[in-house]
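Here the structure is laid out as structure tokens; the discussion comes afterwards.
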Amino acid sequence: MKIGELLGIGNTARVYRWGKTEVIKLFYDQNFAVMEAKNAELINSLMLRAPKYGGLVDYEGKKGLIYERIDGPTMLWNIEPSEESMFYNARLMANLQYEIHQVKNKLLPNLKPEITHKINHSQEISNHDKQIITDILASLPDGNSICHYDFHPDNIIMSPNGPIIIDWLNLLAGNPEADVTRTSMMIQSDSLPPNAPGWLMHRESRELFNKEYVSEYIRLTGMNDEFLEEWMIPTLAVRIDEMQGEYRQEIIDKLQTRLKKQDEVDEGN
Ligand SMILES: Nc1ncnc2c1ncn2[C@@H]1O[C@H](COP(=O)(O)OP(=O)(O)O)[C@@H](O)[C@H]1O
Ligand SMILES: [Mg+2]
């Protein structure tokens, strides 16, 4: 089959039309293609709002993933620069993620061991800090909820049939608290998608969006918000190697600020 129009450019892949009803996702890194293919098969078997996965093909020497085409803008592009629209979408996002977290799985790589491994292999974190961070992680609760672990407004397509969640490359099973902290961390970050809508440029708007998103998740679960600070140190630590340049530095600085605070608390005890 011949590749069609370019539909989207992400950090890991480009997505093109493929035939009348499908798309092909071509990864820059072939290892990621194999990883996402495995996740996509599992997602296909679960009751989740995800595009139907059609298999792995070879396209001009590269591996391509075939998915059902979902029409519509991503949530990122659907949010209007008004408080009403921002709050509506922030709450919708929390509800969609909450829905995913109700699905449990014991087969997937487990979140805590996976991120412990990543932190231990990071070149940017000292051995001293690795010990502190992995100790914190070990003290946090386990879980076996489906965690998308890259859940943000550009991975939700607002289709005529309702919101559909794409991009399950980072799929893990673990505690929902970890997934919500990761999303909250990403929303607050200065790193924005290329050509992002103007309202996102203002940090205050992103903070407002984050606050509404977190409040809604807390309202749905009856949890208190302490988990966000508890998970933030390992969440930032695992993010470092995914970022480059000034955005990597932003994450390192946030992590160091928190580690320092933690050190002061420990000394006080
Ligand atoms: N099934 C799909 N149907 C239509 N467009 C899609 C589909 N999957 C992805 N896209 C488009 O391609 C973009 C990148 O895809 P995504 O899976 O999020 O890749 P990345 O991992 O690089 O972020 C999306 O933001 C969206 O615009
Ligand atoms: Mg994406």
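Rule-based calculations on the coordinates, nothing more; no lab input. Nothing here was measured: the structure is a model prediction, and the numbers come from that model. Backbone-built Cβ (ideal geometry, glycine too); neighbour counts: all protein chains shown.
Which aspartates and glutamates, if any, have their Cα less than 15 Å from the Cα of residue 261, not counting same-chain residues under 8 positions apart?
Candidates past the 8-residue exclusion: 129, 229, 230, 253.
What order do you get for 183, 257 when you list them from fewest to most C-beta neighbours inside 10 Å?
Neighbour counts put them in this order, fewest first: 257, 183.
Could you tell me what percent of the DSSP beta bridges with both partners in segment 90-244 are antiparallel, to the nearest 5? Could you put the intermediate results ahead of the total?
Details: 8 of 9 bridges.
If I count the DSSP bridges inside segment 90-244, around 90 percent turn out antiparallel.
Residue 264 versus residue 221, label points 7 Å from Cα toward the beta carbon: distance in nm?
Here the answer is 2.8 nm between the modelled labels.
Can you put 266, 241, 167 in order, fewest other beta carbons within 10 Å first? Don't jump to the answer; show the numbers that get you there.
Numbers: 266 9, 241 16, 167 26.
Least to most surrounded, the residues fall as 266, 241, 167.
According to the square roots a ≥ b ≥ c of the eigenvalues of the Cα gyration tensor, what is the shape class of segment 3-68, taking rounded for a/c under 1.5, prolate for a/b larger than b/c otherwise, and oblate for the remainder?
Numbers: a/c = 1.66, a/b = 1.23, b/c = 1.35.
Here segment 3-68 falls in the oblate category.
Work out the FRET efficiency for residue 202 and residue 47 from their Cβ-Cβ distance, taking R0 = 51 Å, and round it to the nearest 0.05. Before the final figure, lay out the partial values.
Working: r = 38 Å, r/R0 = 0.74.
With R0 = 51 Å, the Cβ-Cβ based efficiency is 0.85.
For helix 176-188, report the angle its Cα long axis makes with the longest principal axis of the Cα atoms of the chain; keep it between 0 and 90° and round to the nearest 10°.
80 degrees
Rounded to the nearest 10 degrees, what's the angle between the helix 226-239 long axis and the longest principal axis of the chain, both from Cα atoms, 0 to 90?
It is inclined by approximately 60 degrees.
Listing 248, 203 from the residue with the fewest other Cβ atoms within 10 Å to the one with the most, what is the order? List each step's numbers first, then the result.
On the way: 248 16, 203 11.
Ascending Cβ contact count within 10 Å gives the list 203, 248.
Which ³J(HN,Hα) values in Hz, rounded to whole numbers, follow from the phi angles of segment 246-259 under the Karplus curve 6.51 cos²θ - 1.76 cosθ + 1.60, where θ = phi - 60° and Gly and Pro get x?
In residue order, the calculated couplings are 4, 6, 5, 4, 4, 5, 4, 4, 5, 5, 4, 4, 6, 5 Hz.
Distances over 30 Å make up what percent of all Cα-Cα pairs in segment 75-268? All intermediate terms of the calculation are to be shown ahead of the outcome.
Working: 3476 of 18721 pairs.
Distances greater than 30 Å cover 19 percent of the Cα pairs.
How far is helix 30-45 tilted, in degrees, relative to the longest principal axis of the Cα atoms in the chain, given as a value from 0 to 90 rounded to the nearest 10?
So the inclination is approximately 80 degrees.
Per DSSP helix of 4 or more residues, -39500 (n - 2.57); summed, then divided by the residues of the chain. What does that give at 222 nm, rounded to the nearest 500? Before the final figure, lay out each step's value.
Working: 9 runs with 132 residues, N = 269.
For the chain, the value works out to -16000 deg cm²/dmol.
To make sure I understand the rule: partners must be lysines, Cα under 22 Å from the Cα of residue 20, and not fewer than 8 residues away in the same chain. Which ones qualify?
The qualifying lysines are 2, 52, 62, 63.
Along the Cα-to-Cβ line of residue 126, 7 Å from the Cα, sits a label point; which residues in segment 234-269 have backbone N less than 17 Å from it?
237, 252-267
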